[in-house]
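Report on the following structure.
The values are calculated or read from the model by the stated rules, or taken from the named source; none is laboratory data. As the structure is a prediction and not an experimental result, all values here were calculated from the model. Glycine also receives a Cβ, built like all others from the backbone with ideal geometry; neighbour counts cover every protein chain displayed.
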Amino acid sequence: MPKFAYKPKEPAKLNITSLMDALTIILIFLIMNYSDVVEESDPPDFVEMPQVVGKIEGEAMEVDLPIGVGAQKIQVGKEQVISFQNFKAEEDRILGQFLKALKVESEKVKQKRELAGSSDTERPIKMAIQADKSVPYFIINGLVSKSAELGINYFDLLGLNIEE
């Protein structure tokens with residue numbers, strides 16, 4: 001019977017140089033593309049914005065269509081307000097009214113661009129959602145979904161900047 005001598009193998013060496021290069025590039029990409037936009041749209045009175053501490057530098061953000069979301073109200077644009085008691089119970093009615101108001105306000109934005117003789121009439125409408133800190137995510141999700149039905153797919157979620 002032949003005897004086999006067991007010779008342990010040396011552990012394989014892992015070369016992570018290329019992995020570190022890739023992670024460094026991704027990190028630089030994320031840092032360079034981090035939003036440094038200044039928000040200039042005032043939220044409605046019934047919205048208590050979450051607070052962000054820090055200094056933001058850069059160009060002012062252009063908001064075509066501000067949406068204010070409170071615990072029992074949604075403001076579309078500057079004028080149209082949808083009131084409700086229980087979002088889940090009234091969801092179909094609220095989202096239906098929101099869609100109608102959004103159509104009206106988005107048409108106003110398009111008309112305003114045309115009257116100004118703007119060359120960016122085909123630019124997507126930029127919608128900014130200013131939500132109260134107590135608003136549940138499913139309400140925001142419903143509004144974003146309805147907006148997408150109209151082809152509005154550029155969203156900013158805003159916080160209130162407080163400088164130290």
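Here are the numbers for the structure shown:
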item: Any chance L115 is within 12 Å of S147 (Cβ to Cβ), out of contact with any Phe, Trp or Tyr (no Cβ under 7 Å at 6 or more places or on another chain) and of a type outside the set (F, W, Y); result: no
item: Residue count, the stretch 114-158 (criterion: modelled with pLDDT under 75 and crowded, with 16+ Cβ neighbours inside 10 Å); result: 1
